[in-house]
Amino acid sequence: MSRDVFPEGMRTVVHVSYACGREHVSPKSLGLDYVDLYLMHWPAAMNPNGPDPGFPQNPDGITDIQQGRSYIETHLDMEKLLHTGKVKAVGVANCSVKFLEDLLPRASVVPAVNQIENHPQLPQYDVEDFCASKGIHLTAYSPLGSSGGPLMSLPTVQNIAAKHGVSAASVPLSYHSTRAWAFRFRKINSSISDRGEPPIRSA
């Protein structure tokens, strides 16, 4: 497998033992022997017996949260996957400082990654500083701004892009590159990521 590819799996948190079920950690379904990173999608447990095991919802469309289930227990179960050979690292997503402060004293393995929404309009400096102090790498999703958000059309972004002769997308991507963060695109950004927007080069 080329090391230019970093296979990542993400799991919506359901029943604490459910996260480790074979059907949810199956690298072979991807044509792989293992995945490099397995993430907990949200620090909240969801009903494993709902109509959609991937993202359970109540009939009214509200997420089917299962009370009494802890994301901390799920993380402890995920740690066990490290001994199976199917997963090389485990991480979390959408975790604030408070969630991480509650998790770390009980975790045997510090999450390798915390994937959060991050862009110039939502910098989350407190999470950045905390993760840096604990050796947790940050990955930014929605690096070009929230869905339908105004980031790309802001005058400041447009002016910086014009000054450097690049697209508006290059401005927030440069923001992430200079901070040495990884970032990932959502499907709605696929046309932008396919173009390979260049970062702004500092002098």
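Read-outs: derived from the displayed coordinates by stated rules, not from any lab. Please read all numbers here as calculations on a predicted model, not as lab measurements. As a convention, Cβ positions derive from the backbone with ideal geometry for all residues, glycine included, and neighbour counts pool all protein chains shown.
Straight distance only, please: which lysines reach the Cα of Lys28 with their own Cα at less than 21 Å, same-chain residues fewer than 8 apart left out?
Leaving aside lysines fewer than 8 places away in the same chain, those within reach of Lys28 are Lys80, Lys86, Lys88.
Between Arg179 and Val97, what is the label-to-label distance in nm when each label sits 7 Å out along the Cα-to-Cβ direction?
Output for this residue pair reads 1.5 nm.
When Rg is the radius of gyration of the Cα atoms in segment 71-158 and Rh is its Kirkwood radius, what does Rg/Rh come to?
That ratio is 1.08, to two decimals.
Once R0 is set to 35 Å, what does the formula 1/(1 + (r/R0)^6) return for the Cβ-Cβ distance between Leu30 and Lys134, expressed as a FRET efficiency to the nearest 0.05?
0.75
Between Thr63 and Gln158, how many nm apart are label points set 7 Å from Cα along the C-beta direction?
If labels sit at Thr63 and Gln158, their model points lie 3.5 nm apart.
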